[in-house]
Each structure stands twice: as C-alpha cells, then as structure tokens.
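The structure appears below as structure tokens.
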Amino acid sequence: MAREFTEHESFYIPDQKLWVAKDFGTFRLLTDGAYYYIESPDRKGVSLLESAVQGAEVAQVSTIDRFFMALKEEVKTLAVLFIKQNPGCLLMDLIGYIEAFRDRTYADLAKVLLEAYGRTGEAKGLFTFPENADEDQRFEILRDFIANTLPDELEVLLDF
C-alpha cells in the first residue's frame, strides 16, 4: 500500500515529510515513522500527539462505548474498594453490595469483570487457579491478590 505523503514535515527528522497513518474524515493522524501528529481540520498545521507511541491503535470511540467504559470504571472501583475494605469477603458479599449500592445490572457486570481479571491474572502468571476450581474458589484467589496489591500495581498487572 502506497503512503499518502502530506506537505507537513517532521518536527524531529530533517526533511522528512509526514504521511497519513489514519484518516478520520474531519482530521488525520500523521506520522514520520517515529512520532504521531494530529493534523488540524483545515489541514494547515499539525501538532505532536504526545501520548501516542509507535504502533499504537487509534480509534474513534462511540457514545455507547464511552458509556460502557464509564460503567466498567465505576464497577471496577466499587469492587476494588469493597475488597480492600473487606479482604475476607465472599463473592456473594461483593455482588450483594454492588447490587444494593447500584442495581442488578452493575452486579452482573461485576461478575463478568471479575472473570476477565481472573483470566488475565492467570494468563500473566500472577496466580494460578486449581484445575477444577469453582466460581467461589476462583474469586477467593483473585480477591486475595487484589487485597494484597497496591491499586497502582493492579492497573498495570491486570490491565485495569
């Protein structure tokens, strides 16, 4: 696939023209191969995209996706805070708390998120579930890990 070069030049690589990495219609993501730039809608200027890294995926997030991401963040926060305050809690205690604090939908989402975090932790070798562990046993292992891990480390370790 041929690169679509623009008239804009790299801030860091002399005489390097920027090319289109992704066209979003109203704006384009440009690159020099090392850095990403956002082109203004009028196509007259660019600014460095500070938070982007080589190979990062850029996507537009729909309203419904933003809603679900916010919902996930709220449920994750409720679950982690409850586990930190009640390190010996049972799965039904946590689910009951979330259902009472919010509603059944939040409680159902909490179960799905806990399952995902459990799979992530096991895949990364952070803990191991016994072969025939039931839902409660899996929760206890994940709960102990969450209770004994600093919140900042949880963000990194479990891709929170």
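The values are calculated or read from the model by the stated rules, or taken from the named source; none is laboratory data. Keep in mind that what you see is a predicted model, and the values were worked out from it rather than measured. Glycine also receives a Cβ, built like all others from the backbone with ideal geometry; neighbour counts cover every protein chain displayed.
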When the stretch 101-114 is examined, which residues are found to be in contact with a helix residue (DSSP H, G or I) (Cβ under 8 Å, 6 or more places away or on another chain) and assigned to a helix (DSSP H, G or I)?
F101, Y106, A107, L109, A110, K111, L113, L114
Out of the residues in the stretch 59-100 that are at pLDDT 90 or above and outside any helix (DSSP H, G or I), which is surrounded by the fewest Cβ atoms within 10 Å (Cβ to Cβ)?
G88
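Considering only residues that are within 26 Å of the chain's Cα centre (by Cα) and in a loop (DSSP other than H, G, I, E, B), look in the stretch 20-49 and name the one that is nearest to A2 (Cα to Cα).
Among those residues, the one meeting the criterion is G33.
What are the residues in the stretch 1-30 that are hydroxyl-bearing (S, T, Y) and under 16 Å from G45 (Cβ atoms), if any?
Matches in the stretch 1-30: T6, S10, T26.
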Within the set of pairs 6+ apart or on separate chains, which have a first residue in the stretch 139-160 that is assigned to a loop (DSSP other than H, G, I, E, B), a second that is modelled with pLDDT of 85 or more, and C-beta atoms under 7 Å apart?
L158/Y117; L158/T120; L158/G121; D159/T120; F160/K76
Scanning the stretch 1-19 for residues that are of a type in the set (F, W, Y) and in a loop (DSSP other than H, G, I, E, B), which turns out modelled with the lowest pLDDT?
Y12
Tell me which residues, restricted to the stretch 117-160, are over 16 Å from L78 (Cα atoms) and among the small types (G, A, S).
G118, G121, A123, G125, A133
